[in-house]
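Got a structure for you, written out below as structure tokens; questions coming shortly.
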Amino acid sequence: MKQHDFIQSRQKQWSDFAEAIKDPNKLHEYDIDLPHAFRQLTHDLAVAKSRLYSPALISRLNDLLLQGQQCLYKPSNRIWAPFWQFVKYDFPAQLLLIRRYVIWAHILFYGLAIITFSVTMIEPEFVRNVMPNSQVTQLEQMYDPASRIDETTGNYRNERDSDSDFLMFGFYIKNNISIAFQCFVGGFLLGFGTLYYLLFNAIFFGAVSAHIVNVGFSSTFFSFVITHGSFELTAIVLSAAAGGVVGMHIIRPGQLSRTAALKQAGKITFPIIFGAFLMLVVAAFIEAFWSSSTLLPNAVKYAVGSACWLWILLYIFPRNPRSGEKSS
């Protein structure tokens with residue numbers, strides 16, 4: 001075979017190989033068996049040498065082999081690579097698998113929260129049906145803009161000490177995880193426990209938000225919750241969706257025994273719960289170190305918070321079906 005014919009017959013495979021090894025982190029985007037392509041390229045180089053093809057062609061194949069070898073045998077990070085794989089592909093793919101539950105959990109939570117918000121705006125005393133008077137008073141003191149002013153100097157009080165931020169970080173993680181955990185394990189009560197905790201938190205959130213607006217402290221409240229709320233509320237709703245999956249598998253096990261159906265539900269929901277846990281850690285970090293800051297202008301918090309909400313919505317409702325195909 002002449003060199004020209006040899007190149008024509010192998011050109012596409014060499015081009016595909018060269019394109020795939022450009023970025024080892026994007027190998028999954030190419031439909032190519034890299035080890036097989038590498039072996040074939042080694043064979044092509046041997047053929048080119050045995051037939052005394054041009055040095056330029058031999059040099060080109062040598063370079064491709066060296067780049068392919070670096071790509072194939074590059075040591076991978078055993079901690080961050082699986083973690084990144086989970087965040088980028090596995091978690092969204094699993095959310096796609098239970099999308100029906102995720103959508104319904106969002107509708108129930110935010111639907112009832114909006115209704116409760118409207119009711120409390122019309123009838124301000126409704127908030128006292130949701131929480132005791134002492135808690136209402138604490139809530140008002142917490143978000144009263146005057147509480148952030150130093151009475152002596154008339155300026156904003158200083159930021160919390162860093163060790164206090166870490167203490168609050170731990171407190172927020174514990175508090176958020178307990179709520180999400182209740183929403184999930186409630187699924188074992190035929191899903192009624194999940195429904196109870198999801199709806200209770202929706203009513204609580206709606207009533208508190210409306211009460212803060214009624215008393216005129218909305219600027220301190222919404223600038224505080226908008227950023228970490230995107231991760232925190234979404235994680236709670238996703239935990240409830242996972243609880244709904246468990247409850248439905250118990251009620252309708254199909255051809256499986258209930259024990260087998262529960263095991264199947266566990267396999268489906270474990271990635272959801274782990275992903276929700278990661279989101280709650282992020283939420284607690286933001287709440288402790290960002291949301292509570294009195295140095296950041298509210299406009300910055302609103303801008304960052306809006307970006308976080310947009311990103312979260314695009315993440316949990318992926319439009320690219322490739323992420324779903326990957327896990328299936």
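Report yes if A276 is at pLDDT 90 or above, open to solvent by 60 Å² or more (accessible area, probe 1.4 Å) and either among the small types (G, A, S) or outside any helix (DSSP H, G or I) (or both), otherwise no.
For A276, the condition - at pLDDT 90 or above, open to solvent by 60 Å² or more (accessible area, probe 1.4 Å) and either among the small types (G, A, S) or outside any helix (DSSP H, G or I) (or both) - is not met.
Every residue in segment 205-216 that is assigned to a helix (DSSP H, G or I) and either within 24 Å of the chain's Cα centre (by Cα) or without any contact (Cβ under 8 Å) to a residue 24 or more places away in the chain (or both), please.
Initially, segment 205-216 is screened for residues assigned to a helix (DSSP H, G or I), giving 205-214.
If the condition is that a residue be assigned to a helix (DSSP H, G or I) and either within 24 Å of the chain's Cα centre (by Cα) or without any contact (Cβ under 8 Å) to a residue 24 or more places away in the chain (or both), then F205, G206 are the ones that fit.
Hey, another quick one. Can you find a residue in segment 65-85 that is modelled with pLDDT under 90 and crowded, with 17+ Cβ neighbours inside 10 Å?
Within segment 65-85, one or more residues are modelled with pLDDT under 90 and crowded, with 17+ Cβ neighbours inside 10 Å.
On to the next question. Return yes or no: is G305 more than 14 Å from the chain's Cα centre (by Cα) and not aliphatic (A, V, I, L, M)?
yes
Going by the conditions given, is L310 outside any loop (DSSP other than H, G, I, E, B), farther than 30 Å from I250 by Cα and without any contact (Cβ under 8 Å) to a residue 40 or more places away in the chain? Walk me through how you get there before you give the answer.
Working: outside any loop (DSSP other than H, G, I, E, B): yes; farther than 30 Å from I250 by Cα: yes; without any contact (Cβ under 8 Å) to a residue 40 or more places away in the chain: yes.
In short, yes.
Considering only residues that are assigned to a loop (DSSP other than H, G, I, E, B) and buried (at least 16 other Cβ atoms within 10 Å of the Cβ), which ones fall in segment 106-130? Show your work before the answer.
Taking segment 106-130 and keeping what is assigned to a loop (DSSP other than H, G, I, E, B), we get 123, 130.
Of everything in segment 106-130, just one residue is assigned to a loop (DSSP other than H, G, I, E, B) and buried (at least 16 other Cβ atoms within 10 Å of the Cβ), namely V130.
Residue by residue through segment 20-56, note down the ones that are open to solvent by less than 80 Å² (accessible area, probe 1.4 Å), among the charged types (D, E, K, R) and modelled with pLDDT under 85.
D23
Could you please find all residues in segment 282-303 being farther than 19 Å from S218 by Cα and either modelled with pLDDT under 90 or surrounded by 17 or more Cβ atoms within 10 Å (Cβ to Cβ) (or both)?
Once the filter is applied, which keeps residues that are farther than 19 Å from S218 by Cα and either modelled with pLDDT under 90 or surrounded by 17 or more Cβ atoms within 10 Å (Cβ to Cβ) (or both), segment 282-303 yields A283, A284, F285, I286, A288, F289.
Could you check segment 198-219 and list, in sequence order, the residues that are buried (at least 19 other Cβ atoms within 10 Å of the Cβ) and in contact with a Pro (Cβ under 9 Å, 6 or more places away or on another chain)?
Correct list: A210, H211, F217.
Consider segment 258-273. How many of its residues are open to solvent by 70 Å² or more (accessible area, probe 1.4 Å) and either closer than 22 Å to P92 by Cβ or outside any helix (DSSP H, G or I) (or both)? Working first, answer last.
Of the residues in segment 258-273, the ones open to solvent by 70 Å² or more (accessible area, probe 1.4 Å) are 258-259, 263-264, 267, 270.
Subset that is either closer than 22 Å to P92 by Cβ or outside any helix (DSSP H, G or I) (or both): 264, 267, 270.
Qualifying residue count, segment 258-273: 3.
Name the pairs: first residue in segment 8-19 and free of Cβ contacts under 8 Å to residues at least 40 places away in the same chain and basic (K, R), second residue surrounded by 11 or more Cβ atoms within 10 Å (Cβ to Cβ) and assigned to a helix (DSSP H, G or I), Cβ to Cβ under 8 Å, at least 6 apart or on different chains?
R10/D44
I'd like to check something: does segment 217-226 contain any residue that is in contact (Cβ under 8 Å) with a residue 60 or more places away in the chain, closer than 17 Å to V136 by Cα, part of a helix (DSSP H, G or I) and touching a Leu at 6+ places or on another chain (Cβ under 8 Å)?
No, that holds for no residue.
Of all residues in segment 164-192 being crowded, with 20+ Cβ neighbours inside 10 Å and small (G, A, S), which is nearest to the chain's Cα centre (by Cα)?
Applying the filter and picking the extreme gives A180.
Next question. Go through segment 100-110 and report how many residues are touching a residue at least 60 places away in the same chain (Cβ under 8 Å) and more than 18 Å from A180 (Cα to Cα).
Total satisfying the criteria: 0.
The values are calculated or read from the model by the stated rules, or taken from the named source; none is laboratory data. Keep in mind the model is a prediction, meaning the values are calculated, not measured. As a convention, Cβ positions derive from the backbone with ideal geometry for all residues, glycine included, and neighbour counts pool all protein chains shown. What goes into the accessible areas is simple: the full protein's heavy atoms, side chains included, and nothing from ligands, DNA or RNA. Shrake-Rupley method; radii C 1.70, N 1.55, O 1.52, S 1.80 Å.
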